[in-house]
Every structure is written in C-alpha cells, then in structure tokens.
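The values are calculated or read from the model by the stated rules, or taken from the named source; none is laboratory data. This is a predicted model, so every value here is computed, not measured. Heads up, the Cβs are rebuilt from the backbone with ideal geometry, glycines too, and the neighbour counts pull from every protein chain shown. Just so you know, the surface numbers come from the protein's heavy atoms only, side chains and all, with ligands and any DNA or RNA stripped out. Shrake-Rupley method; radii C 1.70, N 1.55, O 1.52, S 1.80 Å.
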Amino acid sequence: MPDRFSSGQSWPIGFGATCLRALLYILLIAGVMQGVYHEALQQPEVRFSERGFTELTQSVVLLTASALLLYTRQVFKALPTVTLLLFAFVFSSLIREQDAHLDTYVFDGAWQLLVGLVVLPCLFLVIRRRHNFVDEFARYANSFSFGLFAAGFLTTYVFSRLYGRSEVWMAILGERYERTFKDAAEEVVELFGYTLILIAIVELALLARRWHRARLAARKD
C-alpha cells in the first residue's frame, strides 16, 4: 500500500549530496570514455569486439544494475512490481549482450530462450498485480530516476540503433568507410545509454533508502 513516505516529498536530497553525486556520475562517465579511448589504441581484432573494453563494460554495467534492482526490491521493499519489471528488462539486456557467447558455446538462439524464461514470469507477476503496478508507477514516474531511465532507454534502444546504421556511416565517410567506425559509434553510444540506466537505478536505490529510513523514523516516533 502507498504511504506518505513513498510520495518522494519526505527526506529531500541536500545540496551537498546532490553535488557529490553529480561529481561521481561525471567521473564515472569520464572513466568509461577513457577506457573506450584505450580500447581504440588496441589491435584491430580486439577493438570494439566481444573481447573489447566496451562490450565487457556493457555487461558489467547491466549486471550491476540488475543486482542493485534486486537489492532495492528485497531489502528496501520499495516499488516491488516496478523494480521487478525493471529487473526483467535490464537482466534481459544483459543476456542479449552475451548472444555471441551463448550461440557459440551453448546453442544458436540460446539467448532468446533465456530472455523468455526471465521476461515471461516477471510479466505474469506484474500483470497479476497490475493495480499495484499502476500505483507504484505513478510515484516512480515523478522521480529523477525515471527521467534518467527514460533517457538511457532512448539512447540505447533508439538513438544508438539509428546512429549506428551502416548507411549513415557510408554517407559520412564515403570511400573511406570501414565497419570499425560504424561499430565504434554504435557500441559507445549504447554503453553511454547503459551507463545512464545504471545511474537511474542508483538513484532509485537511494530514493528507496530514503523512504525506508523515513518509515523507520516514523515507527520510532
């Protein structure tokens, strides 16, 4: 059931904490881009491949976001249906990023099966508790976390796909076109989108922690 501590109005973020988090997020993005730069200096067979920094970091970011969502749901007991749906989406993206390894070492199409095994049960539970989901989403949609998550989603699943089209880079580079340019553009933008999603999940966890602390403080009063 919704409570007054889930409205987002209690335990506001202080200016100092906001500045600190902004600095940490800037450093995170800067560190990611420095890693991309060093990957560009590697041998051609490694750059922007399944073994490269960008692809590996994508998996680490998605794994971290998935674990943080589970922690938020199980420990803080916040927005259980919303966090479940977000987990299904983020963890399915993690599985999708392993498609080459799964197709090679398991069987062709293994990632689709695993995604189905994750998404279908989660969707079933969310649909079953759809009234709770609507109430929870109304609160989540007004948060900073949701705005960041939407930006990450649009960056990764819309912009990177359009920006990474071969036709675009053929038009830009003409006779100098090489697939490396296209792969680098798409994968780096995708990594940035995943990073935004991770930051959104961090913000969600911090919001859930504030609600949790407010509830504990209310019980003591």
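Largest to smallest in accessible area, the residues H101, H212 fall in the order H101, H212 (1.4 Å probe, all protein chains included).
GNM on the chain, alpha-carbon springs under 10 angstrom: the most fluctuating residue among T54, T72, T18 is T18. Just the protein heavy atoms count here, and of the accessible area of the stretch 22-76 at 1.4 Å, carbon and sulfur take up 71 percent. Projecting the Cα atoms of T180, V202, L216 onto the charge dipole of the stretch 170-221 (Cβ charges, centred on the Cα centre) puts L216 farthest toward the positive pole. Highest average first, the peptides 109-117, 37-45 ordered by how many other beta carbon atoms sit within 10 Å of their residues are 109-117, 37-45.
In the calculated pair-distance distribution of the stretch 69-175, the portion above 21 angstrom amounts to 52 percent of the Cα-Cα pairs. Neighbours of G35, meaning other residues whose beta-carbon lies under 13 angstrom from its beta-carbon, give a summed charge of -2 when Lys and Arg score +1 and Asp and Glu score -1. Computed about its Cα centre, the charge dipole of the stretch 34-111 is approximately 480 debye, with only Lys, Arg, Asp and Glu carrying charge at their Cβ.
Note: the stretch 34-96, Cα convex hull, 76 Å³ per residue.
Using only alpha carbons, the stretch 87-142 has a radius of gyration to Kirkwood radius ratio (Rg to Rh) of 1.16. Both radii are taken from the alpha-carbon atoms of the stretch 116-203; with Rh as the Kirkwood radius, Rg/Rh is 1.16. Computed from Cα positions, the angle between helix 144-154 and the longest principal axis of the chain comes to roughly 20 degrees.
Our summary gives the chain a relative contact order of 28 percent, counting only alpha carbon pairs under 8 angstrom and 6 or more residues apart. If you fit an axis through the alpha-carbon atoms of helix 15-40 and take the longest principal axis of the Cα set of the chain, what angle between them do you get, 0 to 90°, nearest 10? Between helix and principal axis, roughly 20 degrees.
Accessible area per residue for the chain, computed on protein heavy atoms with a 1.4 Å probe, is 58 Å². Taking only alpha carbon atoms, the stretch 1-136 gives an Rg to Rh ratio of 1.07, where Rh is the Kirkwood radius.
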